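The values are calculated or read from the model by the stated rules, or taken from the named source; none is laboratory data. Model, not experiment: these values are computed from the prediction. Here Cβ is always computed from backbone atoms with ideal geometry, including for glycine, and neighbour counts include all displayed protein chains. To get the accessible areas, we keep the full protein, side chains included, count just its heavy atoms, and leave off ligands, DNA and RNA. Shrake-Rupley method; radii C 1.70, N 1.55, O 1.52, S 1.80 Å.
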Amino acid sequence: MSQRVAVVIPALDDRDLLTQSLPLLIDELEARGCDDELTVVDDTGQDLLAAWIAERFPGRVRVIVRESCGGFAKALVTGARLGTAELLLCLNPDVRVRPGFLTPLVEAMVDPEVHSVSPRVLLNGDVQRAETHQRMLVDGGRLVSQPLTPDPDSSEPVPIPFPLGGAMMVRREEFLAEGGFDPLLAPFYFEDTDLGLTAWRRGRKVLEIPSSVVEHHHRGTIGRVVPEKLVRAAIERNRLLVHWKHLDSKTAAHEHYLALYRDALDAGIGDRREELIWMALALEDLEAATASRSRLGSMQRTLEAALVAADPSRG
Amino acid sequence: MRIGIFVHGLPPRSTHGVESHTQAFAEALVREGYSVEVLAPCCLPGRALYSQRREVRGSGYGVTWVQVASPADPRHMARAVGAFLDRERPDVVHLQHMIHLSAAAIEEVEQRKIPMVYTAHDFYPVHETLNLMRPDLMPFECGDLEMQARVNQARGFLDKLSGLGDHHGTVLLDQPGFADQLGEASAATLRAILDGQRDGGLEEARNEVRLRAEVMRETFAKVGRHFATSGMLARRLGSALGRAVELRPSGIRSDHLSALPPACSHGGPLRIGFIGGLLKHKGVHVLLEAFAQLDRSAELHIHGASHDRVYVRLLRERAAEVGAVMHGEYSRGELPEILAGLDLLVVPSLWIENAPYVIREAFAAHRPVLVSDTEALRESVRDGEDGLLFAQGDAVALSAALRRLVDEDGLFGHLVTGINAPLSIDAEARAYGQTYGDLVHEAQVEKPLPVLPASVEPFAERYAALEILPTRDLFEKVQSGLEKLGTCMGVAQAPADLLTQAVSSGSPTRDLLLDHDRALEWLRKSLADMEHAREEMEKRAGWFQEQLASAEKRAQWLSQQVDHGESTTGVERDWLKESKQDLEQERDWLRRQQAETEKTNVWLRESLDQAEQEAQKMREWAEDSIQKAGEETEKANQAMRDAAAETEKANAAGAEAAEDAQKAQEWTAESREQTTAENEWLKETAEELRRENLWLQEKADDGDAAITAAQASATEATRALAALGQEREWMRGVLESRQQELRWIRERLTGGAVPEGEDPSKDHAAIFAAHEALERELVAMRSHEQWLYTELATIASILESQGPGSEALVADELPRALASMRAAAARSMGELVWRRKEMLAAREGSDRLLARLAAPELADRIRSWELTPGPPAPLPPVVDPELASPEEKESEGLHRSAPDGILSDDEDES
C-alpha cells in the first residue's frame, strides 16, 4: 500500500493564494484516495484562516492556528508534529499543483537513500524555467547557484542540490528528528539549501521528479509583507552563513575569505552600503554559524563532492 | 548622536564670519561628544562637477567638499547631498547657510526623514540680496519683492558696465571723498531702475523673485526649528516666512582673546580699528571720512580685504590721504594680535546688520565698540554702557563719538568696565545639543513603524540598526568581523598580505576605473579626430572662398564683356553669355558649398565644445551611470512593487474608508439620539434630585425639631415618672395604713357595739367597697407604673436611634409616643384627684362610723388618720392639640368620666 502523506502549508494571510491552490490540491488528494492529510498552519498569529477555510473547504482541510507568527520553518514543524502520515509534503500557498503530481513523489521516496524530493517547480508555469533545476557551485570563492534549462522530454529523477522549500517531500519523522530547518537561517530563505547540502554530504540523495509538476508564483507570500531590501538582505546573509557552515577545506576557506575581503573593499570604496550591511549581518551571526557547523558532525562527502553529486547536468 | 552641518564654506578657503563660526561650532559640538560631519561647497580646478572629497580635521570632525558650479544645478546638487546623507547617516542636519548648496538639498534631507535645524544669519530664505541692500547702498524692507526685482534688474545693468570690477552689487553714488564710479547717464539709469521706471526685464525679474520666494517658503517649511542670531532677524524672517523663528545668539571662542593687554594701556594715541571685509555696505569709507574730521591724536587701522578692487583702491587712496593704515587680509589666527593693537573697534555698517561676531570678539578682548545705530546693532551694543552708537552713514556723528572718547574723562574706562562676557561657543553648542535631542525624540515618536510579521521583526531591527550607521562605521564593523572570520576559519593573514592578494586577484572597482580610463582615452581620441576634421573643413572653406572670389571676378569680367558686346560677334556673344551663366551657377554652387561648410564648421565647433564638456563630465557621468543604473533599476522595481502594493492598499483603504464613513454617520446619528435622551434624563434626574434635596432638607429640619421636642418630652416624662413614683410610694404607705386600720375596724366591728338607730352594716359595706376600690387602684397604679416604664424605654430607644436616616422614624414614632405619655400623665393626674376625692369620702364615712361606734380614744386615733398632704403634683403636661390624635383626646375624656375603666381600654391604644 502507498505511504500516506501529510501535506502541510505554512501560511500568512494568503487567502487569495489559497483560493487558487487548495482546490487543486484537494482534488489531487481525493483522487489518490490514500487518506492523506491536508493541514494549513495559520502563522499570522491572528487566527485569520480557520473560519475562512471552514467556510470555503468544510471538513477537507485541517487548520492549525499558531498563537504568534514564528516564520516558515517553525510553522512547518508545527504542522509536521501534528501529522500522522509517514511522508511530509511541504507546500507554499502560492504553489499550484498539477494533476498526478503526488504519486511520483511518494514512489521516489521508497528508496531509503533518497532524503528528499521535489516536484519540477515551474516558475509561473513556464516549462523553460524550473526552479528546482539548478546547480550550485563555488565560483571565485562564492557559493552561487546557476539555473539550468530542464529537458522537457525526460521523466527520469534528477539529482538536485536541495529540495525547494516551497514544494518538498521528506520523511516526516526523520525531518522532525533532525530538528526541521536550521534556526540559524531564520527568518527565511536558504533553509532548504542547507537541508539539501547536509543530506548530500551525509551520503544521501535529493531528487527532482520531472513527472511531478507544480507551479510556483515565487515570493508571492513573503514578498507581499516584507520590504524587498529585507528579503534581499536575508538571502545574501544566509548565502554566506550556509557557505560558512559547509566550508570544509582550508583551500576553499582561503579562497572564500579573499573573495569576501575583496567584496568588502569594493563595497566600502564604492559606497555600496547594502552589501556592507549583508556582510555585517552575517558576521554578527558568526558564532551561531560555528555552533551550527559543529552540530553537523562527520560527513561522508566534502562540500565540493556534494555539489558535484548534486549537479543536475551530471545526473 | 551624529550631526550633519550644511554651510556655504569653511576656513581656510573662506574665512568670513559664518564660515569661521561654523568651524568653531563644529569643534565645540565635538567637545560636547557629538559626531560632526560638515558638507560645504567648493570650486577647485581639475575636479569633476559635484564630485565629493572628504577630509578629517584635527579637532575630530569630518568635512565633505562638493565641487559645485555657479549657479548649482539643483538636480545634481540634490544627488550629491543625497549621497552625503546616505554615507554619513546624520541624526540631525543643521543648516547654517544654504547659498551655493541649493534649497534642493533640504528636499533630500526631508525625504530621508532627518530632522532639520536652521540658523539664519541673513535673509537668504526670503531674498537673494542677503543684506537687503540696494545697489545705491540704501536698505530695503524684508519681504519687499518688488524692490528685490528692481535690485536684480539693477544688478544686471551694473554687470554690463565696464570699469566697476567685482562690484558686489553696489556702487558709490555721491559719497564725499570718493570719486563717482558711474557716469551721469549710468547713475540716472540706475536710479530709474530702482524707481521702477525702466521696464526692460522687470516683469521677468518680478516673476523670478516671486517664484524663488514661493519655493523657499515651501522648502524652509520642511525645517523643524528655525533660529536667528538676532531679534531683528528673527522678527523679520518670522513675519516673511509665516512661522516662528526663535532668537538664539551665537557664541564665540573667547579663551584666546580674554587675556589680551588692556586697551589704552600703552599711553599713546587712541587706536581705532576696523576688522572685516572691505565691502561698500560695511561703510569703511564712512569711517575714513570720520577719521579725517577727527582733529585729535589718534590712529586708524583697517584690517581686511575683498575682491572689490575698485572700492579697495579708493579706500587705499583715501586712507593715504587721511593717514590711516590699511593692513590688508588677515587670518583668524591673527585676531588676538590685531585686537591687541587696537583700543576700540568701529562697525560703521550701512546695511541693517545682524549680530556681527567681531563685536563679541572685541568684547571678549575688553575693547569697546562704536556701531551704526541700527535695530540689530542696538541688540549687540548698549549705548554708553559698553560702546557708543552713531547715526548710520554719518561721518560727522561718528567723528563726534570718537572725539568724545578722547575728550571725556573716564568715558573710555566706563565703557570697558561695562562690557559683559559674550556667550561662549560651548554654551551655544550645548543649547543646540538640547534642540537636536528634542527633534530626534519627536522624529522617533512620529515615525510610523512598518507592520511586519512577528518572525521578521528581530531581523528587521538588526537591519535597521546597521542601516543608520555611516558607511565608514559599517565598513569598520565588516572589517572587524572579517578578522574574526579569518581567525575562525584559520586563514587569518597580515592585512598587507591580504590586501595584496585581494587586489591582485581583481576587483570590480579597479575594473570600473580601468573602464573609465578607456572611455576617457576614447573621448580624447574622438576630440582629436574632430579637431582634425574641423581644421580640414576650415581649409576647405578657405578654398571655397578663394574659388568663389575667382568665379566672381571672372563673372564680373564676363559681364563687362557682354556689356561691351556690340563690338563682338554673335558667336562670341553667345559664348560669353553661356560662360557667364556657367560662372553664375558655379558661383551659386560655391556659395552653397561655403554655407554648408560654414554650417558644418559651426556644428563641428559646437560638437567640439560639447565633446569637451562631455569629457569633463565623463568621469562623473560614468561613475554615476554605472553606480546608479543598478540602484535605479532596483528603485524602479521597488517603485513598481510599491505602487502595486499602494494601489492595493489604496483600494482597500478606500473601501474601508467608505465603510468607516458609513459607520461613522450611523454612529453619529445614534450618538446624537442617545445624547438627546441622555440630556432629557439628566434634566429629569437633576429635577428629582433637587426635589429630593428639598424634601430631605425639610425632613432634616423636621427631624431636628422632633428631636428637640422629644428631648424636652423625655425630660418632662422622666420628671413626671419620678413624681408618680413618689406618689406611688406615698399611696402605698397610705393604703398599707388603711388596710391595717380596716383590719382593726373590722375586728372592732365584729366584736364591738353598734349605736342605736344606726345600721352599721351599711357603713360596713361602704367601707368594704371603698377598700376593694382602693385595692383595685393599687393594682391599677402598678400597671400604670409598668406602662410608664415601657413608654420611657420607647422614648429612650427613639432618642438613641437619632442619626442619619432616622428622621422618618423620629417623625413618625416620637409624636405619637409623646402624645401617649402626655395622655397617660393626664390620666394619672385625674386618677390622683379622683383618689383624693374617694379618700375624703371614705374619711367622712369613717368619721360618721366612729362617731357612732368608737370610743373617744378610738375616735381620736382614727382622726389622726388625717391624710397628710402628698408630694406636689407634677406639672400638667402640655398637650399639643396638633399632635394628640382624636383617640387620645377621647381616651382623656374616658379617664375623667369613667374612673373604673382606668387603663383598661387605653392601654391597648397607647
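Kirkwood hydrodynamic radius, computed over distinct alpha-carbon pairs, for the stretch A:73-139: how many Å, to one decimal?
14.2 Å
What distance in nm lies between label points placed 7 Å from Cα along the C-beta direction at B:Asn207 and A:Leu296?
Taking the simple label geometry, B:Asn207 and A:Leu296 are separated by 7.1 nm.
Write down the Å³ per residue value for the convex hull defined by the alpha carbon atoms of the stretch B:221-360.
Taking the convex hull of the Cα positions in the stretch B:221-360, it is 141 Å³ per residue.
Give me the net charge of A:Arg98's neighbourhood, meaning all other residues with Cβ under 9 Å from the Cβ of A:Arg98; Lys, Arg count +1, Asp, Glu -1.
Spelling it out: positives minus negatives among the neighbours equals -1.
So what's the net charge close to B:Gln148: Lys and Arg +1, Asp and Glu -1, counting the other residues with Cβ under 12 Å from its Cβ?
+1
Normalized C-alpha radius of gyration of the stretch B:196-304, against 2.2 N^0.38 Å?
1.68
Please compute the volume of the convex hull spanned by the alpha-carbon atoms of the stretch B:129-214 and report it per residue in Å³.
With only Cα atoms used, the stretch B:129-214 gives 97 Å³ per residue.
Where Lys and Arg each count +1 and Asp and Glu each count -1, what net charge lies around A:Val61 among other residues with Cβ under 14 Å from its Cβ?
-4
Given a cut-off of under 8 Å on Cα pairs at least six residues apart, what relative contact order in percent is computed for the stretch B:58-165?
Averaging sequence separation for qualifying contacts and normalising by length gives 19 percent for the stretch B:58-165.
What's the Cα-based Rg to Rh of chain A, Rh via Kirkwood?
Ratio of gyration radius to Kirkwood radius for chain A: 0.96.
Please compute, over every Cα-Cα pair in the stretch A:162-253, the percentage with a separation greater than 22 angstrom.
Value for the stretch A:162-253: 37 percent of Cα pairs lie more than 22 Å apart.
Give me the inter-chain shielding for A:222-230: mean count of other chain Cβ atoms within 10 Å, whole number please.
Mean partner-chain Cβ count within 10 Å for A:222-230: 5.
Once the convex hull of the alpha carbons of the stretch A:26-86 is built, what does its volume come to per residue, in cubic angstrom?
Each residue corresponds to 85 Å³ of Cα convex hull volume.
Just to be sure I understand the curve: with the Debye formula and one point per C-alpha of the stretch B:347-458, what is log10 I(q)/I(0) at q = 0.24 Å⁻¹?
The Debye formula, applied to the Cα set alone, gives -1.28.
What translational diffusion coefficient, to the nearest whole µm²/s, does the stretch B:270-422 have by Stokes-Einstein, given a Kirkwood radius computed over alpha-carbon pairs, a temperature of 25 °C and 0.890 mPa s viscosity?
162 µm²/s
Could you check how much of the accessible area of the stretch B:448-504 is carbon and sulfur, as a whole percent, using a 1.4 Å probe?
64 percent
Return the whole-Å distance between the Cα centroid of the stretch B:136-160 and the Cα centroid of the stretch A:58-137.
Each part reduced to its Cα centre gives a spacing of 76 Å.
Between B:Ala120 and residues 5 or more places away or on another chain, which pairs have amide H atoms under 5 Å apart, with H built 1.01 Å from N, and which residues are they?
B:Phe227, B:Ala228, B:Thr229
Short version: what are the Cα gyration tensor semi-axes of the stretch B:2-120, square root of 5 times each eigenvalue, largest first, in whole Å?
Listed largest to smallest, the semi-axes of the stretch B:2-120 are 20, 17, 13 Å.
Whole-Hz ³J(HN,Hα) for each residue in the stretch A:79-88, computed from phi via Karplus 6.51 cos²θ - 1.76 cosθ + 1.60 with θ = phi - 60°, x for glycine and proline: what do you get?
Each residue's phi maps through the Karplus curve to give x, 5, 5, 8, x, 10, 6, 6, 9, 10 Hz.
Tell me, what HN-Hα J-couplings in whole Hz come from the Karplus equation 6.51 cos²θ - 1.76 cosθ + 1.60 at θ = phi - 60° for each residue of the stretch B:283-298, using x for Gly and Pro?
x, 5, 5, 5, 5, 4, 5, 5, 5, 5, 7, 7, 8, 10, 6, 7
Can you list the residues, at least 5 places off or on another chain, whose amide H is less than 5 Å from the amide H of B:Ser250, using H built in the peptide plane?
none
For a quick check: with amide H placed at 1.01 Å from N, whose amide H comes under 5 Å from B:His94's, ignoring anything fewer than 5 positions away on the same chain?
Amide H neighbours of B:His94: B:Gly4, B:Ile5, B:Phe6, B:Val117.
Apply the Karplus parameterisation 6.51 cos²θ - 1.76 cosθ + 1.60, with θ equal to phi minus 60°, to every residue of the stretch B:488-493 and state each ³J(HN,Hα) to the nearest whole Hz, in sequence, with x for glycine and proline.
Karplus-based 3J(HN,Hα) across the stretch B:488-493 equals 4, 8, x, 10, 4, 9 Hz.
By DSSP, what percent of the beta bridges with both residues in chain A are antiparallel, rounded to the nearest 5?
Here the share of antiparallel DSSP bridges comes out near 45 percent.
With +1 assigned to the C-beta of every Lys and Arg and -1 to the C-beta of every Asp and Glu, and no other charges, what is the dipole magnitude of the stretch A:163-250 about the Cα centre in debye, to the nearest 20?
Taking the Cα centre of the stretch A:163-250 as origin, the dipole is about 220 debye.
If contacts are Cα pairs under 8 angstrom and at least 6 residues apart, what is the relative contact order of chain A in percent?
20 percent
Kindly rank B:215-225, A:88-98 from highest to lowest mean number of other beta carbons found within 10 Å of each residue.
The most tightly packed comes first, giving A:88-98, B:215-225.
How big is D for the stretch B:448-504, in µm² s⁻¹ as a whole number, if Stokes-Einstein is applied with the Kirkwood radius of its Cα pairs at 4 °C and 1.567 mPa s?
It diffuses with D of about 93 µm²/s by this estimate.
When only Cα pairs under 8 Å and 6 or more residues apart are kept, what is the percent relative contact order across the stretch B:312-460?
With pairs under 8 Å counted, the relative contact order is 16 percent.
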